[in-house]
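J.: Take a look at this one; I'll ask things after.
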Amino acid sequence: MNNIADELKIYELSLIYKEAEYNFAFWDKFDKNFNWDEEYKKALTAVLKTNNTYDYYLQLMKFISLLKDGHTSISFPDYIMQSEEYFAKLPISVEYIDGNYVITNVKTIVNQPIKRFSIIKKINGIDIKKYIKDNIYPYIYREKEDSCSYDAINFLRNGKINEAIELVLEDNDKEYCVSLLRTKGDVTWKYQNIELKSEEMKCVFSSKSLIIQITYDNIAILTIDSMMNNEIQKEIFNNYELLKNAKGYVIDIRNNSGGSSYNADCIASLFVGNSFKCDNSYYQVHIGLYKAFGIEYELDKMDEKEFNEKYLNNEEFKKVYDITHRKYYEHSENIRNIDRKIEKLTGPIAILCSPITASAAEDFINIMKYYTKAITIGTATYGSTGMQLHYDLESGGTLKICTRKSLSLDGSEFINIGFKPDIECKLSINDYQNNNDKVMKEALKIIREKLTGK
């Protein structure tokens, strides 16, 4: 992989530093021991030592990952992701299941006896959690570990073609070892895709992002795997009459990583009405004059007693200090108006969620939790949303920086925490082995209890 000019390395790293300095939403989360300027200097030394574009991007990722935010990231250029040198893949499919990295499928070219649903215990002789912590987390880490699993799996599988990787696997409490080579291009798998099932349902509508099924007792199951498809607005409203006749609703967004918040709001409007609060957020404000005042007055050298008195009792002083230290925010609270004259759907609601449930899907949960009595079931959501500042870097990759600090509509925090479910229900390896959708079964049980009053 070719290297790029030092001048471009310096410019792109400086662009990342500058845009985060002025636009990143969560500077108030860092204490005084975190020094962005010093981290920039370290990163500058590191990027100038890189000898190829791949390593250069790893250093950019390492720098931006210091901010620990799911909506702030660096992505590799396409030409790197298409390269056999760095993006050949281990011939296995891996899922993060109940705290373990589990092999759920194997490519047909593998001639070693890998048992499906084996747990990965070690990689090249290193415990998998230590391996990920030391070799992967520096480039992707957020504070919610299960939300890192998708990116961790991608890093785990990717690498140089024909590179041998030793795995220690566990099946039924017995360990065994395999050696795998990374491959490129082969897409045939030994096993059929896992299809979790709960009970027989009638499918009444299906598109690339929306499936509507009806149970024997007229409960509507809406499976929404993306908020990206703008057609979902039309699809959901075209099925209004069908949905109106249902007795209750299960909305499955366990595999929904987000998309358009407006699409999420349109779906929510079926249950909350045409006009509702959809945003409770803060954004950082920079005023150069105030920063100049802060530096000139040497606020950080002020006697602690005098500082505390002024900070608590002088609004102008407080504003100068907060702007100087990237801690001054203004509030945004938006009202969504959906121009469709329909009555709200009534009936008990259950929402299924997981650590994959992110961004606009979390915005949907935010609205539903605030305005309805919907019960959330599953595991805590991803814990990240917000408006991204997007740059296409000259070297081919992309930069995204979160500019909006979002709170739940009731004012509580969920970034790097997730929306915790009302009822925690976690799929086990045994559930996957038996195609048992325990979470959906729990949701249907609760809806039926509410309908019968038991």
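The values are calculated or read from the model by the stated rules, or taken from the named source; none is laboratory data. Since the structure is predicted, the reported quantities are computational estimates derived from the model, not experimental observations. In this analysis, Cβ positions are derived from the backbone assuming ideal geometry, glycine residues included, and neighbour counts consider all displayed protein chains. Side chains included, ligands, DNA and RNA excluded: accessible areas come from the protein's heavy atoms. Shrake-Rupley method; radii C 1.70, N 1.55, O 1.52, S 1.80 Å.
J.: Counting alpha carbon pairs within less than 8 Å and at least 6 residues apart, what relative contact order, in whole percent, applies to segment 285-412?
T.: 18 percent
J.: Counting only protein chains, not ligands or nucleic acids, how are Asp151, Asp300, Asp69 ordered by accessible area (probe 1.4 Å), most first?
T.: Sorted descending by solvent-accessible area, the residues read Asp300, Asp151, Asp69.
J.: Ratio of segment 222-335's C-alpha Rg to 2.2 N^0.38 Å, to two decimals?
T.: In units of the 2.2 N^0.38 Å rule of thumb, it is 1.77.
J.: Using a probe radius of 1.4 Å on heavy atoms only, what accessible surface per residue do you get for segment 30-89? Whole Å² is fine.
T.: That works out to 49 Å² per residue.
J.: Per residue and in Å³, how big is the convex hull formed by the alpha-carbon atoms of segment 118-241?
T.: So the per-residue hull volume is 202 Å³.
J.: Output ³J(HN,Hα) for segment 250-258: one whole-Hz value per residue in order, computed from phi by the Karplus curve 6.51 cos²θ - 1.76 cosθ + 1.60 with θ = phi - 60°, and x for Gly and Pro.
T.: Each residue of segment 250-258 in turn: 10, 10, 9, 10, 5, 10, 9, 8, x Hz.
J.: Let me ask another. Just the number, please: Stokes-Einstein D of segment 299-454 in µm²/s, Kirkwood Rh from C-alpha pairs, 4 °C, 1.567 mPa s.
T.: Estimated diffusion coefficient is 65 µm²/s.
J.: Heavy atoms only, 1.4 Å probe, whole protein assembly: order Thr452, Thr183 by accessible area, highest first.
T.: Per-residue accessible area, sorted high to low, gives Thr452, Thr183.
J.: Then there is this: Need the list of lysines near Lys184 for cross-linking: C-alpha distance under 29 angstrom, and skip anything on the same chain fewer than eight residues off.
T.: Lys62, Lys89, Lys107, Lys115, Lys121, Lys122, Lys129, Lys130, Lys133, Lys160, Lys208, Lys400
J.: In whole Hz and in residue order, list the ³J(HN,Hα) couplings for segment 358-365 that follow from phi through the Karplus curve 6.51 cos²θ - 1.76 cosθ + 1.60, θ = phi - 60°; x for Gly and Pro.
T.: Karplus values, whole Hz, x for Gly and Pro: 9, 6, 4, 5, 6, 4, 4, 4.
J.: Compare Tyr240, Tyr432 by solvent-accessible area with a 1.4 Å probe and give them largest first, with all protein chains kept in place.
T.: So the residues, ranked largest to smallest area, are Tyr432, Tyr240.
J.: Do any of Lys244/Lys344; Lys244/Lys277; Lys244/Lys369; Lys369/Lys420; Lys197/Lys441; Lys202/Lys247 go past 18 Å between their Cα atoms, and which?
T.: Cα-Cα > 18 Å for Lys244/Lys277; Lys244/Lys369; rest within.
J.: Hey, what number do you get for the chain at 222 nm if only DSSP H runs of n ≥ 4 count, each worth -39500 (n - 2.57), divided across all residues, to the nearest 500? Could the numbers behind the result be given before it?
T.: Details: 17 runs with 159 residues, N = 454.
Helix contribution divided over all residues of the chain: -10000 deg cm²/dmol.
J.: Right, here's the next one. With all protein chains present, how much of the accessible area of the chain (probe radius 1.4 Å) comes from carbon and sulfur, to the nearest whole percent?
T.: Answer for the chain: carbon and sulfur cover 46 percent of the accessible area.
J.: Can you report the principal axis dimensions of the chain using only the alpha carbons, biggest first, rounded to whole angstrom?
T.: Rounded to whole Å, the extents work out to 72, 58, 38 Å.
J.: Given labels modelled 7 Å from the Cα in the Cβ direction, how far is it in nm from Lys115 to Tyr329?
T.: Reported label-point gap for Lys115 and Tyr329 is 4.9 nm.
J.: For the chain, what relative contact order do you get, as a whole percent, if you take Cα pairs closer than 8 Å and at least 6 residues apart?
T.: 18 percent
J.: Return one whole number: the accessible area per residue of segment 266-335 in Å², for a 1.4 Å probe.
T.: Numbers: 4080 Å² over 70 residues.
Here the per-residue accessible area is 58 Å².
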